[in-house]
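What follows is a set of notes on a single structure, which appears directly below.
The values are calculated or read from the model by the stated rules, or taken from the named source; none is laboratory data. The model shown is predicted, which means the values in this text are computed figures rather than measured ones. Note: ideal-geometry Cβ built from the backbone for every residue, glycine included; neighbour counts use all protein chains shown.
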Amino acid sequence: MAEYDVPAINSTIQQREEVPYNDDNPSSNSLPPFRLKPNPLEADHYYYGIRVVTGSQEEAGTDFNADIYATLIGNKARSDGDKMLGWWEIFSNDNKQCNDLILECSQSIGEVLVVSLENKASGKHSWYVDFLEVHDFSSAEKRVFPCYHWIGAEDSISCSSSTKLLQDIGSNQILEKHRDYQIKRRREIYPWMRNEDLCLPSSIDSSVDLPLDEGFEKLKNFHFFSNALIGALKSKVAGLSLDVDSLYGYEQYASLLGEPDFRVYELGRWMSDVEFGRQVLNGVNPVVIHRCESLPAKFPVTNEMVQSSLHRGLTLDQEMK
C-alpha cells in the first residue's frame with residue numbers, strides 16, 4: 001500500500017450485515033439502501049459505513065481462511081487498517097448479497113479519497129471486488145469507489161472515488177501519490193520485455209504466470225480441460241463400438257456423440273441483432289457468411305470426382321440443397 005502523509009488514527013469495525021439484492025448486474029443505484037446505524041454512538045467519534053460488493057464470477061468470493069483488511073484514506077487522516085473478516089466469516093458471490101460494515105474512528109478522516117483493501121491470506125485465496133461505497137454519517141455523503149479487479153493472496157489494491165478525474169490529481173497530494181502507486185504496481189504486474197531493434201515493448205516478461213485479471217479463472221480452466229477430456233473419451237468409445245467410416249451425415253454423428261449445447265443455443269437465435277453483435281465483438285464477421293444453396297457455374301468439382309463420398313446416392317447439387 002502507498003504511504004500517505006496523513007496520520008493514522010484509532011479505528012475499529014463496529015458492525016457487519018449481509019444485504020441481499022436481486023439485480024444480476026448490481027450498481028450503486030440499484031442496491032438496497034444502507035441500513036446500518038452506529039450503535040452505540042460515542043460522542044466525539046466519527047462513523048463511516050462501508051459497503052463491499054463482491055463480483056458474480058465463480059469463486060469470486062472469499063473462503064473461511066480470508067484475512068481481509070480495509071483502510072480509508074482521507075484528506076485529514078487515515079484509518080488504522082481494520083480487519084473486515086474473521087475466520088468464520090465470508091464475502092460471498094453465489095447468493096446475491098453485499099456486505100455492509102460500520103467503521104468507528106477516534107477522529108474525522110475528512111473527505112475520503114482512497115480506499116485500500118489488503119488480502120493477507122496466504123496460498124490461493126483470491127477475491128474479486130466489483131465496487132465499494134463509503135457513507136460518511138457526519139456529512140450524510142455517499143462515495144462510490146470502483147474496483148473490478150482480483151485481489152490475490154498477500155496482495156492489496158487501492159481505489160479512488162468515481163467522482164475524481166485525472167485533472168484533479170495534480171492539485172491533490174493524496175490522489176497524486178495514489179496515482180503514482182497505481183503506475184508502479186502496474187509496472188510490477190506487467191513487466192514488458194524490450195525489443196532492442198524497435199526500442200518498444202514486445203511481450204510480457206513471464207513464461208508461466210499471468211496477472212489474475214488477465215488469466216483464465218479457475219472454473220474456466222476446469223471446464224476447458226474437462227470438456228476436452230469428455231470429448232476425447234466419447235470419440236474413443238465411439239471408435240471402439242463401431243466403424244466410424246460407416247456413418248454418413250451429421251445426424252448420425254450427433255445421435256452417437258450427442259448434440260452440443262452451444263449449437264442448440266445458436267440455432268434459436270443466430271438471426272437476432274444481439275447474436276450478430278456478439279459475433280462481431282468476438283472477431284467473427286457475419287456479413288461475409290452466406291448460405292450456399294447451389295453450386296457456382298464454374299465450380300471445378302464434378303459429381304464423378306466425389307461420387308464415392310456421397311453415401312446417400314444423391315448428386316452434389318442435391319447434397320448442397
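At a glance:
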item	result
Qualifying residue in region 273-295 (condition: at pLDDT 80 or above and outside any helix (DSSP H, G or I))	no
Some residue of region 48-58 being assigned to a loop (DSSP other than H, G, I, E, B) and either in contact with a Pro (Cβ under 7 Å, 6 or more places away or on another chain) or charged (D, E, K, R) (or both)	yes
Count of region 296-321 residues which are hydroxyl-bearing (Ser, Thr, Tyr) and either part of a loop (DSSP other than H, G, I, E, B) or surrounded by 11 or more Cβ atoms within 10 Å (Cβ to Cβ) (or both)	2
Residues located in region 6-39, provided they are loosely packed, with under 13 Cβ neighbours inside 10 Å, of a type in the set (Ser, Thr, Tyr) and at pLDDT 90 or above	none
Region 71-85, residues that are outside any loop (DSSP other than H, G, I, E, B) and closer than 20 Å to ASN99 by Cβ	THR71, LEU72, ASP82, LYS83
Count of residues meeting criterion [modelled with pLDDT of 80 or more and either not polar (S, T, N, Q) or not assigned by TED's automatic domain parsing to the domain that holds CYS292 (or both)] in region 302-316	5
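Residue-by-condition table, conditions (1) in contact with an Asp or Glu (Cβ under 9 Å, 6 or more places away or on another chain); (2) part of a strand (DSSP E or B); (3) free of Cβ contacts under 8 Å to residues at least 24 places away in the same chain; (4) over 21 Å from GLU188 (Cβ atoms):
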position: HIS135; (1), (2), (3), (4): yes, yes, no, yes
position: PHE145; (1), (2), (3), (4): yes, yes, no, yes
position: TRP150; (1), (2), (3), (4): yes, yes, no, no
position: SER158; (1), (2), (3), (4): no, yes, no, no
